[in-house]
Amino acid sequence: MSEYIAPLRDMQFVLRELQLLDTLNRLPGQEEMNGELVDAILTEAARFAQGVLAPLNVIGDRQGARWKDGDVHTAEGWREAYGQFADNGWNALSCPPDFGGQGAPRLVSALAEEMWNAANVAFGLCPMLTRGAIEAIELRGSDELKQTWLPKLVSGEWTGTMNLTEPQAGSDLAAVRTRAEPQADGSYRVFGQKIFITYGEHDLTDNIVHLVLARVPGAPEGVKGISLFVVPKVLLNTDGSLGERNDVRCVSLEHKLGIHGSPTAVLAFGDDGGATGWLVGEENRGLEYMFIMMNAARFSVGIEGIGLAERAYQRAVAYARQRIQGSEIGVPGRDKAAIIRHPDVRRLLMSMRSRVEAMRALACEVALATDLAHGHPDEAVRRERQTFVDLMIPVIKGWCTENAVDIASLGVQVHGGMGFIEETGAAQHLRDARITPIYEGTTGIQALDLIGRKIARDQGAAAFALIARLREAQLALPDEDAQLAGIRHRLFSAINALDDAVHFVVAHYNDHVRQVALGSVPLLELFGIVTGGWQLARSAQVARARLADGSGDAAFYRAKLRTAQFYAGHFLTRAPGLAQTIIDGSDAALAMEDLAF
């Protein structure tokens, strides 16, 4: 099997040569986050990913997490790896300094996360959920809750979870039945069952802090009657030390297609008198608070997709270089060639590579906007950047994860029959990637969020502002440069297609919402393709300038230019067709009688 090599050179390109780091450094408090410091952080993150996490990936897949009498044991070496992860400060990388975190910007932590997910996505899920729990408690918890739970969540001594889904509810959180009964001391007794709880039980830490959605007595029906509670696995003594076990237990683990190293638990609360919990914020505002975790998690799941896609691409390239099969078409003689010389294999590899680079650059753009939304001194800029982030979260989550599945599938295809054999490792990437377009809201849910909350609600203002920005970038490509002309032309057509599609949504959402919803996933894909093309066009422009002045690594910049050219010819060209699907696609799916399916 090939080894994972962190793509540090491409990450440095995005940060420095697309000038994202320069923008970050102008924020108050981020002046010291210079190239040298960022390189050091990412180099160490890469070393941990390559040296510690990647070797455990296959072990976790084959051994899985094991349940016995309510206890869950992770795969061999995982507990020790998590101890290193926490001891080295990685869990605290992007956490608030007030509670022991390092306060690294999202732009930097997102790239570290990509490497951890590429190396071992099942492991990376645990700290990802902990960070979501930290953010929810930090923003909405009382001072007492913060002081009690955040320091050890930030340090990684304890982990956190999200408890939303129930057997009868699925993604419909209005159907949540878990109940929380208030007690005289201000705590609550929680009763109910939750399913699909990632790292809901494990042996990596001595305590797990569950954030649980439940209903209090007399709460309104539907989503307006949901509250959020902190329910720890182990209760604390008055001095803060671990005390008795809370009334929450793992009754089983799910048997899954992939991410076997990550325990997905069914949790029962209150079978022995009620699990003790504490309210976060105000009653009946739990879903609002949980969306803090969910939005952070949705972006992180998009990062998971990028990491998985990068790993699948690397494995496919390594195999294509060493697999000798067939003679090279169009070349005299009958000498056998590595399959990387075959045109269709090269098409597959470029299809993988170009989308990985587009996704990485786009995710970094959104991560930087998150930092600006939180830290820019101008309120108008903060508001505008947050609007951009909100618009792009469903795109990052949906487009990057759908790409991850397709890219991992292409990785199997490059391997041919050997890709269908588990020993090559290609199949694991596909199995692991398949969950990413599903959890934290399916692609369909992301697409409905995009057309409803993010476009129709403000009459397309955020989307049109982005489209104006895309046009500026397209016009900045030199018209006279033959190597950029194709990218410029195809980006122009793609932006027009996106503009037409957004206008259609704005015009018809209120009166014909079902028809608009039918094209919502194609619209999400269109957003991803066009904004990804925007990033690769910027990359091509930088690369062309470097090649013209003879500075830097010419081979790297030639590859950057060719990657952008391929993406323009193979993906931006799909934009007009997607727009037609959105605007004038047949409504046959809506007209079809239910029994005819």
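The values are calculated or read from the model by the stated rules, or taken from the named source; none is laboratory data. In this text the structure is predicted, and so the values were computed from the model without any measurement. Every residue, glycine as well, gets a Cβ built from its backbone with ideal geometry; the counts of neighbours run over all protein chains shown. To get the accessible areas, we keep the full protein, side chains included, count just its heavy atoms, and leave off ligands, DNA and RNA. Shrake-Rupley method; radii C 1.70, N 1.55, O 1.52, S 1.80 Å.
Checking GLY200 against (1) touching a strand residue (DSSP E or B) at 6+ places or on another chain (Cβ under 6 Å); (2) loosely packed, with under 13 Cβ neighbours inside 10 Å; (3) in a loop (DSSP other than H, G, I, E, B): exactly one of these is not met. Which one?
In the conditions (1) touching a strand residue (DSSP E or B) at 6+ places or on another chain (Cβ under 6 Å); (2) loosely packed, with under 13 Cβ neighbours inside 10 Å; (3) in a loop (DSSP other than H, G, I, E, B), GLY200 misses (2) alone.
Please verify whether region 95-103 includes one or more residues that are within 18 Å of the chain's Cα centre (by Cα), within 21 Å of TYR199 (Cα to Cα) and not basic (Lys, Arg).
For region 95-103, residues within 18 Å of the chain's Cα centre (by Cα), within 21 Å of TYR199 (Cα to Cα) and not basic (Lys, Arg): present.
Of ILE435, ILE421, ILE445, which residue is within 30 Å of HIS260 (Cα to Cα) and either of a type in the set (Phe, Trp, Tyr) or surrounded by fewer than 16 Cβ atoms within 10 Å (Cβ to Cβ) (or both)?
ILE421
Could you say whether any residue in region 294-313 is under 28 Å from the mean Cα position of the chain (by Cα), closer than 27 Å to GLN183 by Cβ and not acidic (Asp, Glu)?
No, region 294-313 contains no residue that is under 28 Å from the mean Cα position of the chain (by Cα), closer than 27 Å to GLN183 by Cβ and not acidic (Asp, Glu).
Looking at LYS224, LYS152, which one is open to solvent by 10 Å² or more (accessible area, probe 1.4 Å), in a helix (DSSP H, G or I) and closer than 25 Å to GLY70 by Cβ?
LYS152
I'd like the full set of residues that are of a type outside the set (Lys, Arg), at negative phi and either open to solvent by 10 Å² or more (accessible area, probe 1.4 Å) or assigned to a loop (DSSP other than H, G, I, E, B) (or both), limited to region 203-221.
ASP203, LEU204, THR205, ASP206, ASN207, VAL216, PRO217, ALA219, PRO220, GLU221
Which one of these does ILE529 not meet: (1) crowded, with 20+ Cβ neighbours inside 10 Å; (2) at positive phi?
All conditions pass for ILE529, except number (2).
Kindly check whether there is at least one residue in region 101-112 that is among the aliphatic types (A, V, I, L, M), modelled with pLDDT of 95 or more and assigned to a loop (DSSP other than H, G, I, E, B).
Yes: region 101-112 contains one or more residues that are among the aliphatic types (A, V, I, L, M), modelled with pLDDT of 95 or more and assigned to a loop (DSSP other than H, G, I, E, B).
Here is a list of conditions, (1) crowded, with 24+ Cβ neighbours inside 10 Å; (2) hydrophobic (A, V, I, L, M, F, W, C); (3) not in a loop (DSSP other than H, G, I, E, B), and VAL251 meets all of them except one; can you say which number that is?
(1)
State yes or no: is ALA45 among the aliphatic types (A, V, I, L, M) and crowded, with 23+ Cβ neighbours inside 10 Å?
Here the answer is yes, as ALA45 does meet what is asked.
Report yes if some residue within region 16-31 is open to solvent by 80 Å² or more (accessible area, probe 1.4 Å), closer than 30 Å to GLU201 by Cα and either touching a Pro at 6+ places or on another chain (Cβ under 6 Å) or of a type outside the set (S, T, N, Q) (or both); otherwise report no.
Scanning region 16-31 turns up no residue that is open to solvent by 80 Å² or more (accessible area, probe 1.4 Å), closer than 30 Å to GLU201 by Cα and either touching a Pro at 6+ places or on another chain (Cβ under 6 Å) or of a type outside the set (S, T, N, Q) (or both).
Only one of (1) closer than 30 Å to ARG311 by Cβ; (2) of a type in the set (Gly, Ala, Ser); (3) touching a residue at least 12 places away in the same chain (Cβ under 8 Å) fails for GLY417. Which number is that?
It fails just one condition, (3).
What helices (runs of 4 or more DSSP H) completely inside region 420-489 contain at least 1 residues that are more than 30 Å from VAL121 (Cβ to Cβ)?
In region 420-489, 461-475 are the helices (runs of 4 or more DSSP H) which contain 1 or more residues that are more than 30 Å from VAL121 (Cβ to Cβ).
Against the condition open to solvent by 70 Å² or more (accessible area, probe 1.4 Å) and of a type outside the set (Lys, Arg), how does ILE5 come out, does it pass?
Here the answer is yes, as ILE5 does meet what is asked.
Quick grid of which residues meet (1) among the aromatic types (Phe, Trp, Tyr); (2) over 30 Å from ASN25 (Cβ atoms):
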{"position": "TRP90", "(1), (2)": "yes, no"}
{"position": "SER109", "(1), (2)": "no, no"}
{"position": "MET115", "(1), (2)": "no, no"}
{"position": "ARG140", "(1), (2)": "no, yes"}
{"position": "TRP158", "(1), (2)": "yes, yes"}
{"position": "MET162", "(1), (2)": "no, yes"}
{"position": "GLY192", "(1), (2)": "no, yes"}
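Against the conditions (1) touching a Phe, Trp or Tyr at 6+ places or on another chain (Cβ under 8 Å); (2) crowded, with 18+ Cβ neighbours inside 10 Å, where does GLN84 fall short? Just the number, please.
Condition not satisfied by GLN84: (2).
Would you pick out the residues in region 231-268 that are among the hydrophobic types (A, V, I, L, M, F, W, C), in contact (Cβ under 8 Å) with a residue 60 or more places away in the chain and in contact with a Lys or Arg (Cβ under 7 Å, 6 or more places away or on another chain)?
LEU257, LEU267, ALA268
On the given criteria, is ALA86 touching a residue at least 40 places away in the same chain (Cβ under 8 Å) and closer than 30 Å to LEU27 by Cα?
yes
One line per residue, one yes/no per condition, for (1) surrounded by fewer than 23 Cβ atoms within 10 Å (Cβ to Cβ); (2) among the small types (Gly, Ala, Ser); (3) modelled with pLDDT under 95:
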| position | (1), (2), (3) |
| --- | --- |
| ILE59 | yes, no, no |
| GLY64 | yes, yes, no |
| GLY89 | yes, yes, no |
| PRO97 | yes, no, yes |
| GLU114 | no, no, no |
| PHE123 | no, no, no |
| MET162 | no, no, yes |
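Going through region 542-597 one residue at a time, which ones are of a type in the set (Ser, Thr, Tyr), within 24 Å of ARG16 (Cβ to Cβ) and in a helix (DSSP H, G or I)?
TYR557, THR563, TYR567
Restricting attention to region 227-240, and to residues there that are on the phi < 0 side of the Ramachandran plot, open to solvent by 10 Å² or more (accessible area, probe 1.4 Å) and not hydroxyl-bearing (Ser, Thr, Tyr), which single residue is modelled with the lowest pLDDT?
ASP239
I'd like to check something: does region 150-160 contain any residue that is touching a helix residue (DSSP H, G or I) at 6+ places or on another chain (Cβ under 9 Å), among the hydrophobic types (A, V, I, L, M, F, W, C), modelled with pLDDT of 95 or more and under 30 Å from ASP22 (Cα atoms)?
yes
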